[in-house]
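As structure tokens, the structure follows; a few thoughts come after it.
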Amino acid sequence: MKRVTVLAGGVGGARFTRGLLAHLAVVAPDAAVTVIVNTGDDMWLDGLRICPDLDTVMYTLGGGINEEQGWGRPDESRRASAEIAAYGRGWSWFTLGDLDLATHIVRTDLLRNGSTLSQATEFLCRRWQPGVRLLPMSDQPVETHVCLAENIDDHTAGDYIHFEEWWVRYRARVAITGFEQRGLADSVAAPGVLAAITEADLVVLPPSNPVVSVGTILAVPGVRQALRATRARVVGVSPIIGGAAVRGMADVCLHTIGVETNALAVGLHYGARTNGGLLDAWLIDETDAAALPALLHAGIHSAAAPLWMTDLPATTAMAAAVLALV
Ligand code: FO1
């Protein structure tokens, strides 16, 4: 088990990877982990390039995360964003803490001076030392937008708003008709991304949002082909426990693309590798064990284990269960 690659979104993927690193430190100390991160949540705000999932993984693995929130920094203040709001600028409902702002300022400075997102990410990681190679899925900008199905505030049905406005301002409670991932078709996998998949010994789809996080990475041209071609075993971890999304509003996202919110449906959505899909194996929570026969019947080698990511021992045990599957 020398090379492990994780395709991660934000909080769920970051917490799982922290457990994976803890487990590998014991069973495979010389393993190298690459995390390919969703950049579809990224946006320009206050003239700064915000990369929520890259920062969440970097802070979580680098020891700088606000543990309760799962994003941003602990012991934050919001003096600068209050001043921006006083000018009537920015997104008053989107917290850009003073410490977090420094990350966006440094990244934007690097981008404006010719760095790619990969290079800027590598630079930021020199400080945080996440213990993994952190790769954006693409160096081209990709932004997930949602199409509103109803009027709200100054938006009307049919308008597209950025995913983060839907997710944070409206808590995904405003009906949408679908997602649009701007820039995705023209995007190119960032340097090292496809090789990190094809040359891995193990690829993990962690319990991130299967639609807007893992799904976005899978839609980058070449990624699915790399997953189909890789010599690695591809193992997924269900983000749905007992018919409910572990985190965030993944159930709303799944419903929007016509996938039921349960561990079996998401496993079938990713599909069995022996049947044109992506998964060699699928880890579900013990409460969903009744789905095991159907998953096996679909050609997906599966097992049940506790999947609540309550703390580091829990995520470490999850990682052990993933490795035991292959
Ligand atoms: N999530 C929230 O629910 N409220 C916020 O105000 C918020 C601000 C924020 C700022 C920087 C950042 O990197 C992430 C932030 N997030 C916030 C989390 C973000 O919406 C999620 O991490 C992902 O975009 C979805 O997984």
Qualifying residue in segment 125-135 (condition: aromatic (Phe, Trp, Tyr), within 19 Å of GLY192 (Cα to Cα) and part of a helix (DSSP H, G or I)): no
Of the residues in segment 297-315, those that are β-branched (Val, Ile, Thr), under 19 Å from VAL11 (Cα atoms) and buried (at least 19 other Cβ atoms within 10 Å of the Cβ) come to THR315
Reported set for segment 241-277 where residues are within 18 Å of VAL6 (Cα to Cα) and touching a Pro at 6+ places or on another chain (Cβ under 9 Å) is VAL266, TYR270
Tell me, please, whether a residue that is in contact (Cβ under 8 Å) with a residue 60 or more places away in the chain and in the same structural domain as LEU7 (by TED's automatic domain parsing) can be found in segment 288-303. no
Condition (residue is over 23 Å from the mean Cα position of the chain (by Cα) and in a loop (DSSP other than H, G, I, E, B)) applied to segment 278-294: is it met by at least one residue? no
Please go through segment 90-116 and pick out each residue that is in contact (Cβ under 8 Å) with a residue 60 or more places away in the chain and either surrounded by 15 or more Cβ atoms within 10 Å (Cβ to Cβ) or more than 8 Å from the ligand (Cβ to nearest atom) (or both). TRP91, PHE94, THR108, LEU111, THR116
Considering only segment 258-275, I want to know if a residue exists there that is surrounded by fewer than 20 Cβ atoms within 10 Å (Cβ to Cβ), touching a residue at least 60 places away in the same chain (Cβ under 8 Å) and over 16 Å from the mean Cα position of the chain (by Cα). no
Subset of segment 297-325 (residues that are small (Gly, Ala, Ser) and part of a loop (DSSP other than H, G, I, E, B)): ALA298, GLY299
Select the helices (runs of 4 or more DSSP H) contained entirely in segment 7-86, then report the ones holding at least 1 residues which are in contact (Cβ under 8 Å) with a residue 60 or more places away in the chain and more than 9 Å from the ligand (Cβ to nearest atom). 11-27, 52-62
Residue identified as touching a strand residue (DSSP E or B) at 6+ places or on another chain (Cβ under 8 Å), of a type in the set (Ser, Thr, Tyr) and either within 20 Å of LEU110 (Cα to Cα) or surrounded by fewer than 24 Cβ atoms within 10 Å (Cβ to Cβ) (or both) among THR5, THR34: THR34
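From the list ARG224, ARG247, ARG228, which one is out of contact with any His (no Cβ under 9 Å at 6 or more places or on another chain), free of Cβ contacts under 8 Å to residues at least 60 places away in the same chain and farther than 19 Å from SER302 by Cα?
Testing whether each residue is out of contact with any His (no Cβ under 9 Å at 6 or more places or on another chain), free of Cβ contacts under 8 Å to residues at least 60 places away in the same chain and farther than 19 Å from SER302 by Cα leaves just ARG224.
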Being closer than 16 Å to TYR270 by Cβ and over 17 Å from the mean Cα position of the chain (by Cα) is the filter here; which residues of segment 178-226 pass it? LEU202, GLN225, ALA226
Could you check segment 211-263 and list, in sequence order, the residues that are among the aliphatic types (A, V, I, L, M), over 27 Å from ARG182 (Cβ atoms) and part of a loop (DSSP other than H, G, I, E, B)? ALA232, VAL246
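The values are calculated or read from the model by the stated rules, or taken from the named source; none is laboratory data. All figures in this text were calculated on a predicted structure; none of them were measured in a lab. Cβ atoms come from the backbone with ideal geometry, glycine included; neighbour counts cover every protein chain shown.
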